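Asker: Below is the structure I would like to discuss, written out as structure tokens.
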Amino acid sequence: MKKLLWATFGVALISTAFAEDNNENVAVVDLGLESGILWTTCNLGATNPWNCGNYYAWGETETKKEYSWNTYKYCDDWYIKNHIAYSNSFTKYCYDSNFGKDGFTDTLTILEPTDDVATVVLGSDYSMPTAADWKELTEQCRWEWTSNYNGHNVNGYIIYKAKSDKDKGSKSYYDEYYTPPVPYTLSDTHIFLPAAGGCWGAICDSVSGPNCNYWAATHGNRSPDYANYCHFFRHLLMPVDVEFRYKGYPIRAVRRK
């Protein structure tokens, strides 16, 4: 992958915050997190921070035209209950025999590297963030909602490296909630998560809406149908939630030091 030069897109001010990977030359940002992980600047498959990138079902490494149990890699059958589709025939990432094909179970709680699309595409230094990584990002950074990131008319959250302990975990929905005494601008160290929506069946949302969904690498514990994801709107931020594994969501990769 070629090194990403944001100066050509008018965002040169944040380029000094990048740390460059010696193997893949993927642009990443050090947000000063306690874990030390670095977050990439773009969704997987995107060429700049404000694009949606590609959509993937949880545990799959290729895009497709339809996101459903019918097309999900690790599902052999499904059923309808109360107008909602569930699977009862998983062949991987299944801790309950009632949901596994012929009673199948395993002990996998996090995606293996061969099923982690960030690792497959970017290399072994990269992975999808875990639920704990998403939680850390919300607790240790400053989040600000915007409807016009860097003049591109894209909704989403700007996530800044906190300038003080008081700013860690603070959020701003325009003029609501805590406003720091020292303003944050795009010249400060940050990443941007566009409101990239997701795919259900053959229909995909786009950044024109407020819906933001990003997969985590962890399975979650609601039932084997679900996996962890980060979910947010302008007025709602849920760093750790669960959603059906077959749905297509964008991926924001991390690199661990």
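Asker: Restricting attention to the stretch 224-249, report how many residues are within 18 Å of GLU112 (Cα to Cα) and touching a Cys at 6+ places or on another chain (Cβ under 6 Å).
Answerer: 1
Asker: Let me ask you something else. Go through (1) of a type in the set (A, V, I, L, M, F, W, C); (2) within 20 Å of CYS199 (Cα to Cα); (3) modelled with pLDDT under 95; (4) within 24 Å of the chain's Cα centre (by Cα) one by one and return the number of the condition ILE84 breaks.
Answerer: Only one criterion is unmet by ILE84, namely (4).
Asker: Of the conditions (1) surrounded by 12 or more Cβ atoms within 10 Å (Cβ to Cβ); (2) modelled with pLDDT under 90; (3) closer than 17 Å to CYS141 by Cα, ASP167 satisfies every one except a single condition; which number is it?
Answerer: (2)
Asker: Please indicate, with yes or no, whether at least one residue in the stretch 123-140 is more than 25 Å from TYR56 (Cα to Cα) and either more than 15 Å from the chain's Cα centre (by Cα) or in a loop (DSSP other than H, G, I, E, B) (or both).
Answerer: Within the stretch 123-140 (the criterion being more than 25 Å from TYR56 (Cα to Cα) and either more than 15 Å from the chain's Cα centre (by Cα) or in a loop (DSSP other than H, G, I, E, B) (or both)), the answer is yes, since at least one residue qualifies.
Asker: Based on what the data block shows, is THR119 modelled with pLDDT of 95 or more and either under 24 Å from ALA217 (Cβ atoms) or hydrophobic (A, V, I, L, M, F, W, C) (or both)?
Answerer: The answer is yes for THR119.
Asker: Scan the stretch 215-228 residue by residue and report those that are in contact with a helix residue (DSSP H, G or I) (Cβ under 8 Å, 6 or more places away or on another chain) and within 19 Å of SER87 (Cα to Cα).
Answerer: The answer is THR218, GLY220, ASN228.
Asker: Can you tell me which residue among ASP116, ASP133 is surrounded by 14 or more Cβ atoms within 10 Å (Cβ to Cβ) and either touching a Leu at 6+ places or on another chain (Cβ under 9 Å) or farther than 26 Å from TYR226 by Cβ (or both)?
Answerer: The match here is ASP133.
Asker: Let me ask another. Please list, ordered by first then second residue, the pairs with beta carbon atoms under 6 Å, 6 or more apart or interchain, first in the stretch 192-205 and farther than 18 Å from PRO49 by Cβ and in contact (Cβ under 8 Å) with a residue 60 or more places away in the chain, second among the aromatic types (Phe, Trp, Tyr) and buried (at least 22 other Cβ atoms within 10 Å of the Cβ).
Answerer: Filtered contacts from the stretch 192-205: GLY198/TYR249; CYS199/TYR55; CYS199/TYR67.
Asker: For the stretch 39-73, which positions are among the hydroxyl-bearing types (Ser, Thr, Tyr) and within 12 Å of ILE251 (Cα to Cα)?
Answerer: Listed by number, the residues that qualify are THR40, THR41, TYR55, TYR56, THR61, THR63.
Asker: Now a separate question. Anything in the stretch 95-118 that is touching a Gly at 6+ places or on another chain (Cβ under 7 Å) and either polar (S, T, N, Q) or more than 18 Å from LYS73 (Cβ to Cβ) (or both)? List them, or say none. Write out each step before concluding.
Answerer: Initial filter on the stretch 95-118 (touching a Gly at 6+ places or on another chain (Cβ under 7 Å)): 97, 111, 115.
Within the stretch 95-118, just SER97 meets the criteria.
Asker: Here's a check for you: in the stretch 161-170, which residue that is touching a Lys or Arg at 6+ places or on another chain (Cβ under 7 Å) and free of Cβ contacts under 8 Å to residues at least 40 places away in the same chain is nearest to ASP188 (Cα to Cα)?
Answerer: ASP167
Asker: For the stretch 215-240, name all the residues that are in contact with a Lys or Arg (Cβ under 7 Å, 6 or more places away or on another chain) and either under 17 Å from THR146 (Cβ atoms) or among the basic types (Lys, Arg) (or both).
Answerer: Residue satisfying the conditions is LEU237 alone.
Asker: Across the stretch 26-64, which residue is nearest to HIS152 (Cα to Cα) among those that are of a type in the set (Val, Ile, Thr) and in a loop (DSSP other than H, G, I, E, B)?
Answerer: THR47
The values are calculated or read from the model by the stated rules, or taken from the named source; none is laboratory data. These figures come from a predicted structure and were not determined experimentally. Counting neighbours? That spans all protein chains shown, and the Cβs are built from the backbone with ideal geometry, glycine included.
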